[in-house]
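What follows is a short report on a single structure.
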Amino acid sequence: MARPRTHDEALRLKLLDRAGELIAADGPKALSLRKLAADAGTSTTAVYSLFGSKPDLVNALYTEGFRRFGARMAGTVLTGDPVGDLVALGSAYRASALADPNLYGIMFTRSVPGFEPNEDAEKLARKTLEPLEAVIRRAIADGVFLDVPPETVAVGCWAFVHGLVSLELTGNLPEEFDVTGSYETALRANASGWLRPQSGHNDPS
């Protein structure tokens, strides 16, 4: 008798979380399907049945990371104030990274040498940034942000947030630095830099 689908999904997530832990702790060479199965209390047959090959497993890790990340980004409450909305989205980015640090490395730092996500995974990854791009496009169209290509603002904001979050995750920030207290302030200052000169973000005139 086939296993219930709910069991397969629970096991799939358990295996993905453990695989992310193994890679984060000891590098991609530590990702043995046999060890992964043993750690999760299942068989290598079950691992192969759920994922296929080892590259397929890494692709599943990448996909799961962006699925969770995308859910947080899409679920962010936006107000129509572009600066505030960029801060909110940046906060969602950090929350996702802190919730799934082992997946973050696979998503954004290519911690598995030679790994290339498949086409579906790449599409999912690009889609997760649509809320950010929508806020920026509207702010530019409304004359609130500088009249520059939207991708310039999007990549600039992404790089800023990614830099702060990566420094936090890798423990490279000064010990006395208050990340929680400073993160939103830094995001707001960065977002405000895209405002048109002499324009308040609630007054696009």
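Could you give every pair whose Cβ atoms fall below 6 Å, whose first residue belongs to the stretch 97-118 and is touching a residue at least 40 places away in the same chain (Cβ under 8 Å), and whose second residue is open to solvent by 20 Å² or more (accessible area, probe 1.4 Å) and among the aromatic types (Phe, Trp, Tyr), counting only separations of at least 6 or pairs across chains?
That search, which allows pairs on different chains as well, returns nothing.
Can you tell me which residue within the stretch 24-70, out of those that are open to solvent by less than 20 Å² (accessible area, probe 1.4 Å) and β-branched (Val, Ile, Thr), is nearest to residue 120 (Cα to Cα)?
58
Would you pick out the residues in the stretch 89-114 that are part of a helix (DSSP H, G or I) and open to solvent by 30 Å² or more (accessible area, probe 1.4 Å)?
Taking the stretch 89-114 as the starting set, the residues that turn out to be part of a helix (DSSP H, G or I) are 89-99, 101-108.
Listed by number, the residues that qualify are 91, 94, 95, 98, 99, 101, 102, 108.
Which residues, taken from the stretch 115-149, are assigned to a loop (DSSP other than H, G, I, E, B) and either on the phi < 0 side of the Ramachandran plot or touching a strand residue (DSSP E or B) at 6+ places or on another chain (Cβ under 8 Å) (or both)?
Going residue by residue through the stretch 115-149, those that are assigned to a loop (DSSP other than H, G, I, E, B) are 115-118, 128-129, 142-144, 146-149.
Across the stretch 115-149, the qualifying residues are 115, 116, 117, 118, 128, 129, 142, 144, 146, 147, 148, 149.
Can you confirm whether residue 128 is among the hydroxyl-bearing types (Ser, Thr, Tyr), open to solvent by 30 Å² or more (accessible area, probe 1.4 Å), under 26 Å from residue 185 (Cβ atoms) and out of contact with any Cys (no Cβ under 8 Å at 6 or more places or on another chain)? Give the derivation first.
Numbers: among the hydroxyl-bearing types (Ser, Thr, Tyr): yes; open to solvent by 30 Å² or more (accessible area, probe 1.4 Å): no; under 26 Å from residue 185 (Cβ atoms): yes; out of contact with any Cys (no Cβ under 8 Å at 6 or more places or on another chain): yes.
In short, no.
Can you tell me which residue among 159, 134 is over 30 Å from residue 23 (Cα atoms), open to solvent by 40 Å² or more (accessible area, probe 1.4 Å) and out of contact with any Ser or Thr (no Cβ under 9 Å at 6 or more places or on another chain)?
Values: 159 fails: over 30 Å from residue 23 (Cα atoms).
When all the criteria are applied, what remains is 134.
Do we have residue 73 as under 23 Å from residue 145 (Cα atoms), part of a helix (DSSP H, G or I) and within 12 Å of the chain's Cα centre (by Cα) here? Reasoning before the result, please.
Working: under 23 Å from residue 145 (Cα atoms): yes; part of a helix (DSSP H, G or I): yes; within 12 Å of the chain's Cα centre (by Cα): yes.
So residue 73 passes the test.
Looking at the stretch 71-83 only, could you name the residues that are open to solvent by 20 Å² or more (accessible area, probe 1.4 Å) and closer than 16 Å to residue 187 by Cα?
To start, the set of residues in the stretch 71-83 that are open to solvent by 20 Å² or more (accessible area, probe 1.4 Å) comprises 71-72, 74-81.
Passing the criteria: 76, 78, 81.
The values are calculated or read from the model by the stated rules, or taken from the named source; none is laboratory data. Keep in mind that what you see is a predicted model, and the values were worked out from it rather than measured. Cβ sites come from the backbone with ideal geometry, for glycine too, and all protein chains shown count toward neighbours. Remember, those area values only see protein heavy atoms, side chains included, never the ligands or the DNA or RNA. Shrake-Rupley method; radii C 1.70, N 1.55, O 1.52, S 1.80 Å.
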